[in-house]
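*Asks:* Got a structure here, written out as structure tokens. Questions coming.
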Amino acid sequence: MYSTVKTLHSYWAYVVLFMIVIATFNALIKHFGKKEYEAKDFRIALFTLIVSHIMLLIGVVLFFAADYIGIISETGMGAVMKNAALRSNIIEHPITMILAVAFITIGYSKHKKKLTSAGKLKPLAIFYTIALVLILAKIPWKTWF
């Protein structure tokens, strides 16, 4: 089960990265270009929200399938924090990605409440950009290529 979930997590990450890049640049270009918010923008933002939440669920399953809780209980949290690979996999990557999904969710929720195009695009541009930076910062690039 672990290898299947890990493979799914790895490949779904490409979908999430693609969508967050598209959604972020779409919002930034339209916001700074003073363009109108369209139904296409809503669909891009919504699809990004959906794929990021699916990724979060896959990541939670992977976290427990990898038995990181067992590693923490066997070695202790101090040993985990001293080991860079374990710290990244058990602490840094999950927390950063949870924050990224939270920023995507906040941006999407805030944009729905606004009535004007500028009001809708600004929260998407801000929060999706923050999420993109967080995601880019904690992707394990060495395992991707």
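*Asks:* Within the stretch 64-79, is there a residue that is open to solvent by 80 Å² or more (accessible area, probe 1.4 Å) and under 30 Å from T116 (Cβ atoms)?
*Replies:* No: the stretch 64-79 contains no residue that is open to solvent by 80 Å² or more (accessible area, probe 1.4 Å) and under 30 Å from T116 (Cβ atoms).
*Asks:* Would you please list the contacts, defined by Cβ atoms under 6 Å and residues six or more apart or on different chains, that run from a residue in the stretch 60-81 that is small (G, A, S) to a residue that is part of a helix (DSSP H, G or I) and surrounded by 15 or more Cβ atoms within 10 Å (Cβ to Cβ)?
*Replies:* Going by the 6 Å Cβ cut-off, the qualifying pairs are A65/V5.
*Asks:* Taking the stated definitions as given, is P94 under 22 Å from L8 (Cα atoms), loosely packed, with under 15 Cβ neighbours inside 10 Å, touching a residue at least 12 places away in the same chain (Cβ under 8 Å) and not hydrophobic (A, V, I, L, M, F, W, C)?
*Replies:* Numbers: under 22 Å from L8 (Cα atoms): yes; loosely packed, with under 15 Cβ neighbours inside 10 Å: no; touching a residue at least 12 places away in the same chain (Cβ under 8 Å): yes; not hydrophobic (A, V, I, L, M, F, W, C): yes.
So P94 does not fit the description; no.
*Asks:* To continue, here is another question. Which numbered condition in (1) at pLDDT below 95; (2) basic (K, R); (3) open to solvent by 40 Å² or more (accessible area, probe 1.4 Å) is the only one that R43 fails?
*Replies:* (1)
*Asks:* When you look at V101, is it open to solvent by less than 60 Å² (accessible area, probe 1.4 Å), at pLDDT 95 or above, under 28 Å from M1 (Cα atoms) and in contact with a His (Cβ under 7 Å, 6 or more places away or on another chain), yes or no?
*Replies:* When the stated conditions are applied, V101 passes them.
*Asks:* Which numbered condition trips up F32, out of (1) crowded, with 17+ Cβ neighbours inside 10 Å; (2) farther than 20 Å from S88 by Cβ; (3) not β-branched (V, I, T)?
*Replies:* (1)
*Asks:* Can you pull out the residues in the stretch 12-25 that are under 20 Å from G119 (Cα atoms), touching a residue at least 40 places away in the same chain (Cβ under 8 Å) and not aliphatic (A, V, I, L, M)?
*Replies:* T24
*Asks:* Among the residues of the stretch 23-79, count how many are aromatic (F, W, Y) and outside any helix (DSSP H, G or I).
*Replies:* Selection size over the stretch 23-79: 1.
The values are calculated or read from the model by the stated rules, or taken from the named source; none is laboratory data. In this text the structure is predicted, and so the values were computed from the model without any measurement. Note that we place each Cβ from the backbone using ideal geometry, even for glycine, and neighbour counts take in every protein chain shown. We work out accessible area using only protein heavy atoms, side chains counted, and drop any ligands, DNA or RNA first. Shrake-Rupley method; radii C 1.70, N 1.55, O 1.52, S 1.80 Å.
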